[in-house]
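The values are calculated or read from the model by the stated rules, or taken from the named source; none is laboratory data. Model, not experiment: these values are computed from the prediction. Reconstructed Cβ throughout: ideal geometry from the backbone, glycine too, with neighbour counts over all protein chains shown. Side chains included, ligands, DNA and RNA excluded: accessible areas come from the protein's heavy atoms. Shrake-Rupley method; radii C 1.70, N 1.55, O 1.52, S 1.80 Å.
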Amino acid sequence: MNGLKVSIIIPVYNVALYIADCLRSVYAQTYPSLEIILVNDATPDDSMTQAVPWIEKLQERYEVKVVNHPRNRGLSAARNTGMEAATADWVYFMDSDDEITPSCIELLVKQAEKYPDVDFVIGDIKYVGTAWNFPLICDTYVRGNENILRDYTTYKWYMMAVNRLYRKSYLLQNSLFFKEGLLHEDELYSFQIATTAQAMATVYEETYIYKVRSCGSITAGRKLKNFEDMLSILREKYAYILKQYRAGIHIIPFTYGLDCFYNYAVALVMNKQVRQVDKIRLLFDAKEAFKSFPPCRKQLSLKYEILTWLFKQSPRFILWSVKLRQAVSVQKE
């Protein structure tokens with residue numbers, strides 16, 4: 001079995017406890033035509049020392065490259081470096097504290113070969129250490145950007161950038177590099193993928209093991225930088241949608257804009273690190289961005305009618321209302 005060559009890009013930073021399991025899962029791949037690229041993002045721990053035995057084993061089977069950053073530049077930069085170093089026509093991103101199933105790349109490649117015009121193939125994910133569940137409910141093969149974008153904004157495929165087999169030429173032609181210095185980079189990247197891809201395919205089998213190891217609430221532990229970057233992403237999304245609406249293109253539903261705003265407000269309410277004054281400021285800025293959002297052309301459900309009304313109120317009132325709703329939801333559970 002030769003087929004398509006695939007570059008697996010793995011950023012490495014502070015994963016000494018997990019890198020061996022990650023690389024072991026890569027070594028176990030049933031697909032042979034692989035290039036493994038590890039990007040050492042100036043990790044301060046002994047991640048690379050732990051990786052050495054597995055790098056040697058991987059070299060027996062695959063092409064292996066190790067690229068070193070002289071200073072820590074972040075996940076986005078490490079992924080971009082990996083993409084620049086990749087020589088294969090297809091690239092696959094994975095995180096160094098996760099694993100892939102033995103047939104992962106083989107299953108994704110089969111779909112890419114079956115549907116030769118696809119820009120990317122997405123596989124299902126097994127979530128460990130969390131109650132998260134984002135099942136793939138899009139069709140096996142989706143053609144046309146309008147359909148891909150509609151599926152994304154109605155949550156039929158997930159926003160993580162990992163576990164997708166991307167055609168490298170598609171990424172380069174659309175300048176789809178990760179935005180450096182930005183937290184929550186996957187959310188923006190996936191939105192950009194959704195707004196540019198012309199064809200995609202799906203593997204419904206779980207090909208990726210996504211491990212959540214954080215203690216306590218992830219939302220509660222986020223800091224001001226997280227929310228500033230999330231707001232930046234929100235603005236970029238709204239600007240794109242507004243541009244589409246002004247051009248007479250109404251693929252993205254109005255309700256998606258409401259959901260983005262509401263999810264942002266919920267994350268702020270649940271957070272314990274950001275001061276109230278900053279929450280109000282951020283919510284005011286988010287509200288200002290939403291102001292330019294075009295009005296809905298269709299009748300909304302009661303839920304979205306209420307949200308539309310709510311987002312016209314003051315930031316303090318929005319925060320209080322969302323906090324009350326979350327408290328009621330917790331009591332019901």
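Among all residue pairs at least 6 apart or on different chains, which show Cβ distances below 9 Å where the first residue, located in segment 308-331, is under 12 Å from Leu283 (Cα atoms) and the second is at pLDDT 80 or above and assigned to a loop (DSSP other than H, G, I, E, B)?
Pairs found: Ile318/Phe311.
Go through segment 227-255 and count every residue that is under 20 Å from the mean Cα position of the chain (by Cα), in a helix (DSSP H, G or I) and either of a type in the set (D, E, K, R) or over 20 Å from Glu185 (Cβ atoms) (or both).
5
Which numbered condition in (1) of a type in the set (Ser, Thr, Tyr); (2) part of a loop (DSSP other than H, G, I, E, B); (3) farther than 16 Å from Val6 by Cα is the only one that Thr87 fails?
Against the list (1) of a type in the set (Ser, Thr, Tyr); (2) part of a loop (DSSP other than H, G, I, E, B); (3) farther than 16 Å from Val6 by Cα, Thr87 comes up short only on (3).
Of the conditions (1) within 22 Å of Phe120 (Cβ to Cβ); (2) in contact with a strand residue (DSSP E or B) (Cβ under 6 Å, 6 or more places away or on another chain); (3) surrounded by fewer than 18 Cβ atoms within 10 Å (Cβ to Cβ), Asn68 satisfies every one except a single condition; which number is it?
Condition (1) is where Asn68 drops out.
Do we have any residue at all in segment 20-42 that's touching a residue at least 12 places away in the same chain (Cβ under 8 Å), assigned to a helix (DSSP H, G or I) and under 27 Å from Leu182 (Cα atoms)?
Yes; the residues of segment 20-42 include at least one that is touching a residue at least 12 places away in the same chain (Cβ under 8 Å), assigned to a helix (DSSP H, G or I) and under 27 Å from Leu182 (Cα atoms).
When Val52 is evaluated against the numbered criteria (1) open to solvent by less than 70 Å² (accessible area, probe 1.4 Å); (2) in a helix (DSSP H, G or I); (3) touching a residue at least 24 places away in the same chain (Cβ under 8 Å); (4) more than 27 Å from Asp139 (Cα to Cα), which criterion, by number, is the only one it fails?
(3)
Looking at Leu188, Leu183, can you tell me which residue is out of contact with any strand residue (DSSP E or B) (no Cβ under 7 Å at 6 or more places or on another chain), buried (at least 16 other Cβ atoms within 10 Å of the Cβ) and assigned to a loop (DSSP other than H, G, I, E, B)?
None of the other options fit; the residue is Leu183.
What single numbered condition from (1) within 18 Å of Ala85 (Cβ to Cβ); (2) open to solvent by less than 30 Å² (accessible area, probe 1.4 Å) fails to hold for Ala197?
(1)
With respect to Leu307, is the statement that it is among the aliphatic types (A, V, I, L, M) and either touching a Lys or Arg at 6+ places or on another chain (Cβ under 9 Å) or exposed (fewer than 13 other Cβ atoms within 10 Å of the Cβ) (or both) true?
So Leu307 does not fit the description; no.
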